[in-house]
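Q: My questions all concern the structure below.
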Amino acid sequence: MSGFSKDERDAMKQRADELRANKGLKGAAKKAKEFEACLEAIDKLSGFDRTLAERYHVVVTEEAPDLDPKTWYGFPSYARDGEVVTFVQPASKFDTRYATVGFNESAKLDDGDVWPTVYAVVEWNEDVEKLFRALVTKAVG
């Protein structure tokens, strides 16, 4: 194994840049800057990646208005108390076959001995939106 790929190294650099950009900011100023960074990350996307990120942004802001939009490794993400709960990973980020919507450990999706935390998305439609509205609502419990 040769270590991290160029895309992975770029993502780590992007995360370091995110942390530096918010250094010294607190409260409303930090949240406003993170919110703007999330919208900018969405605006930079194209094709289905952008559609997914835009629609998911609407879902999260409507179903979980207490989550704060921000970026995380360059992904549009949504956090509670600074901890990312859910995010969109565009297919273009790592040149993958499909975009994903993921939920981190702080999401309250626990269901028995096993449950999904990442969802591949190839189309946005009414059924997909309904699923993500339910998942986001459950995640913030």
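The values are calculated or read from the model by the stated rules, or taken from the named source; none is laboratory data. Everything quoted here is computed from the prediction, not taken from an experiment. Methodologically, a virtual Cβ is constructed for each residue, glycine included, from the backbone with ideal geometry; neighbour enumeration extends over all protein chains shown.
Q: If you scan the stretch 82-97, which residues turn out to be outside any strand (DSSP E or B) and closer than 19 Å to V121 by Cβ?
A: P90, A91, S92, K93, F94, D95, T96, R97
Q: Quick check on this structure: which one of A139, A107, A99, A91 is surrounded by fewer than 20 Cβ atoms within 10 Å (Cβ to Cβ), under 30 Å from K13 (Cβ atoms) and either in contact with a Lys or Arg (Cβ under 6 Å, 6 or more places away or on another chain) or modelled with pLDDT of 95 or more (or both)?
A: So the residue among A139, A107, A99, A91 that is surrounded by fewer than 20 Cβ atoms within 10 Å (Cβ to Cβ), under 30 Å from K13 (Cβ atoms) and either in contact with a Lys or Arg (Cβ under 6 Å, 6 or more places away or on another chain) or modelled with pLDDT of 95 or more (or both) is A91.
Q: How about the stretch 75-103: which of its residues are acidic (D, E) and either at positive phi or touching a residue at least 40 places away in the same chain (Cβ under 8 Å) (or both)?
A: Once the filter is applied, which keeps residues that are acidic (D, E) and either at positive phi or touching a residue at least 40 places away in the same chain (Cβ under 8 Å) (or both), the stretch 75-103 yields D81, D95.
Q: Is there any pair linking a residue in the stretch 119-141 that is more than 18 Å from E105 (Cα to Cα) to one that is small (G, A, S) and surrounded by 14 or more Cβ atoms within 10 Å (Cβ to Cβ), with Cβ under 6 Å and at least six apart or on different chains, and which?
A: V121/A99
Q: Sticking with this one: For the stretch 51-72, indicate whether the set of residues that are under 23 Å from R9 (Cβ atoms), in contact with a Cys (Cβ under 7 Å, 6 or more places away or on another chain) and surrounded by 11 or more Cβ atoms within 10 Å (Cβ to Cβ) is non-empty.
A: Yes, because at least one residue in the stretch 51-72 is under 23 Å from R9 (Cβ atoms), in contact with a Cys (Cβ under 7 Å, 6 or more places away or on another chain) and surrounded by 11 or more Cβ atoms within 10 Å (Cβ to Cβ).
Q: Check whether at least one residue in the stretch 62-81 is under 29 Å from G27 (Cα atoms), in a helix (DSSP H, G or I), acidic (D, E) and under 12 Å from the mean Cα position of the chain (by Cα), and report yes or no.
A: no
Q: Okay, next question. Take E8 and tell me if it is in contact with a strand residue (DSSP E or B) (Cβ under 8 Å, 6 or more places away or on another chain), part of a helix (DSSP H, G or I) and at pLDDT below 95.
A: Here the answer is no, as E8 does not meet what is asked.
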